[in-house]
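Below is one structure. I have some questions about it.
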Amino acid sequence: MKLLSEKATCNSHGQDSSYFLGWQEYEKNPYDEIQNPKGIIQMGLAENQLSFDLLESWLAQNPDAAGFKRNGESIFRELALFQDYHGLPAFKNAMTKFMSEIRGNRVSFDSNNLVLTAGATSANETLMFCLANQGDAFLLPTPYYPGFDRDLKWRTGAEIVPIHCSSSNGFRITESALEEAYLDAKKRNLKVKGVLVTNPSNPLGTTLNRNELELLLTFIDEKGIHLISDEIYSGTVFNSPGFVSVMEVLIEKNYMKTQVWERVHIVYSLSKDLGLPGFRIGAIYSNDEMVVSAATKMSSFGLVSSQTQYLLSCMLSDKKFTKKYISENQKRLKKRHAMLVKGLKSAGINCLESNAGLFCWVDMRHLLSSNNFDAEMDLWKKIVYDVGLNISPGSSCHCTEPGWFRVCFANMSEDTLDLAMRRIKDFVESTTPNTINHHNQQQSNANSKKKSFSKWVFRLSFNDRQRER
């Protein structure tokens, strides 16, 4: 062990979070309709598998793209030798046009400001390297994607300071929450370099409204810091209100000739909107030339293969296909979302009202034996091991209120989702009324205990995070 670096031997990756532990349990006992009908159903993975038939149909109709041909002639040699880290111009042009199309062509993007990365994970980490030094902090609204503890912190040495959001207003970002997070960072002697938001939100499945976006821009303007808007779920908005990109608000509020214009950066990916996480297509969009230049150089450590770029440049350039795909995919997401909400409601479980994403933010507070995170973990273990569903507990997403869970719905068949709903309904019906009554008795003590709960939940893992700081 002494021969290895501190990075190799430290425990700051976050893999021991319940978010990842649930995956491990699923992999030990995965559900299969025929081979393992009593196995664990994976509802902790935000994959979009609802529109693969559209992608496969396009591939069948466009054999040249999949066969690395142009006008019937092989370009395999050309692609195999291409290694320019700036990326294929044709793909970058197609990518920026697709980003505009997702946003209803209300904004346009310059391909010269786009940096290709191996997925959004790489994009977010690269931005951290560009914008923050080791020990600097970014503010993130809670609850947030558990992987950010790894993506933003593990190799960069940056810190995350939570912006505490509450169910009382649907977990919306407020001015007071922003200011409190900023002051908290200052008290910890952390230099705040920016705010990072996901829009649409992972895990909430909600879009930021214009008021929130305007609030964020005013805040970073006043503090002289950056804003990263992770918009990888922008094409999954299936219900009103529609998606509003931070780029739209920048233009509407005439920030183009201000310093704020260069301090707002967008992360995008084709993993969610197009359902291609295995292709590792991510991107950074920035109006800051120095950020674009530095990020492009850093992309050498995580390039997108030229073969992938060529295939997708052909696909995204087919505007008839992209128009049909975006529309149909959103219809299917809306239908599947409604199926999950209805199934949970029949079991007496409600969800936060949402309009986007591949998941719901599910309220199981009434099923807790007591109003704390130990009870949340007890409930989570029962759902994983006894019910056979891997879902993500709110504590893994740094939620300050115990009893919320993220439940995914787009990575399985309708039959599998229907089975999952039957399982959870049977579980709830078998839960004794005493559990709910005991929970209600605990509500009066919630406010006095909230601070101690918050300190516990904001550890990267339940045992080791304090030791890592």
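Using the heavy atoms of the protein chains and a 1.4 angstrom probe, tell me the accessible area per residue for the stretch 58-214 in square angstrom.
With the other protein chains kept in place, the stretch 58-214 gives 43 Å² per residue.
Another question, then. Could you pull out which residues in the stretch 371-400 have an amide N less than 18 Å from a spot 7 Å beyond the Cα of residue 38, following the Cα-Cβ vector?
So the set is 382-390.
Lys and Arg at +1, Asp and Glu at -1: add these up for the other residues within a Cβ distance under 12 Å of residue 368 and post the number.
With Lys, Arg at +1 and Asp, Glu at -1, the net is -3.
Can you list residues from other chains, or at least 5 along the same chain, whose modelled amide H is less than 5 Å from the amide H of residue 117?
Amide H neighbours of residue 117, under 5 Å, 5+ apart: 282, 283, 284.
Between residue 84 and residue 69, what length comes free when the chain is fully extended (0.36 nm per residue of separation minus the Cα-Cα distance, one decimal in nm)?
3.4 nm
Which cross-chain or sequence-distant (5 or more) residues have an amide H under 5 Å from the amide H of residue 69, H modelled 1.01 Å from N in plane?
75
With a cut-off of at most 16 other beta carbons within 10 Å, and DSSP calling the residue loop, which chymotrypsin sites (Phe, Trp or Tyr not before Pro) in the stretch 3-112 qualify? Please list them.
Numbers: sites: 19, 20, 23, 26, 31, 52, 58, 68, 76, 82, 85, 91, 98, 109; in loops: 31, 68, 82, 85, 109.
Passing both the DSSP loop test and the Cβ count: 82, 85.
With r defined as the distance between the Cβ atoms of residue 240 and residue 76 and R0 fixed at 51 Å, what FRET efficiency is calculated, to the nearest 0.05?
Values: r = 46 Å, r/R0 = 0.90.
Given R0 = 51 Å and the Cβ-Cβ separation, E is 0.65.
Now for a separate question. Probe radius 1.4 Å, ligands and nucleic acids ignored: give me the carbon and sulfur share of the accessible area of the chain as a rounded percent. The partial results should precede the final answer.
Working: 10340 of 21120 Å².
On the chain, the fraction of accessible area on carbon and sulfur atoms equals 49 percent.
Tell me the net charge near residue 151. Cut-off is 12 Å between Cβ atoms, residue 151 excluded, with +1 for each Lys or Arg and -1 for each Asp or Glu.
After counting each charged neighbour, the total is 0.
Moving on. Within the set of other residues whose C-beta is less than 15 Å from the C-beta of residue 312, count the net charge using Lys and Arg as +1 and Asp and Glu as -1.
Taking every Cβ under 15 Å from that of residue 312, the sum is +1.
I'd like the Karplus ³J(HN,Hα) series for the stretch 153-165: coefficients 6.51, -1.76, 1.60, θ = phi - 60°, whole numbers in Hz, and an x wherever there's a Gly or Pro.
3J(HN,Hα) across the stretch 153-165, in whole Hz: 10, 4, 9, 7, x, 6, 10, 10, 10, x, 9, 6, 10.
Amide H to amide H under 5 Å from residue 192: which residues, 5+ apart in sequence or cross-chain, H placed 1.01 Å off N in plane?
137
Shifting gears a bit: Residue by residue, what Karplus-based ³J(HN,Hα) values in Hz, rounded to whole numbers, does the stretch 422-429 have, using 6.51, -1.76 and 1.60 with θ = phi - 60° and x for Gly and Pro?
Values, residue by residue: 5, 4, 5, 5, 4, 5, 4, 5 Hz.
If I take the Cα coordinates of the chain and project them onto the principal axes, what are the three extents in Å, biggest first?
That works out to 70, 56, 54 Å along the principal axes.
At R0 = 25 Å, how high is the FRET efficiency between residue 110 and residue 175 if r is their beta carbon distance? Nearest 0.05 is fine.
The computed FRET efficiency comes out at 0.20.
Provide Rg over Rh for the stretch 174-330; use the alpha carbon set for both Rg and the Kirkwood Rh (inverse mean inverse pair distance).
Ratio of gyration radius to Kirkwood radius for the stretch 174-330: 0.99.
Could you state the accessible area per residue of the stretch 313-423 in Å², with a 1.4 Å probe and every protein chain left in place?
Per-residue value: 36 Å².
Between residue 218 and residue 293, take the C-beta separation as r, use R0 = 35 Å, and let me know the FRET efficiency to the nearest 0.05.
With R0 = 35 Å, the Cβ-Cβ based efficiency is 0.80.
Now a separate question. Of 297/323; 334/425; 38/382; 331/381; 191/272; 272/324, which sit over 26 Å apart, Cα to Cα?
Working: 297/323 33 Å; 334/425 22 Å; 38/382 15 Å; 331/381 34 Å; 191/272 33 Å; 272/324 16 Å.
Over 26 Å Cα-Cα: 297/323; 331/381; 191/272.
At 222 nm, what helix-only mean residue ellipticity would the chain give, in deg cm²/dmol to the nearest 500, using -39500 (n - 2.57) for each DSSP H run of four or more?
My calculation for the chain gives -13000 deg cm²/dmol from helical runs alone.
To the nearest 20 debye, what is the magnitude of the charge dipole of the stretch 223-333 about its Cα centre, counting +1 on the Cβ of each Lys and Arg and -1 on the Cβ of each Asp and Glu?
Computed about the Cα centre, the dipole is about 260 debye.
The values are calculated or read from the model by the stated rules, or taken from the named source; none is laboratory data. What you are looking at is a predicted structure, and each value in this text was computed from that prediction instead of being measured. Every residue, glycine as well, gets a Cβ built from its backbone with ideal geometry; the counts of neighbours run over all protein chains shown. Keep in mind that these areas ignore ligands, DNA and RNA; they rest on the heavy atoms of the full protein, side chains included. Shrake-Rupley method; radii C 1.70, N 1.55, O 1.52, S 1.80 Å.
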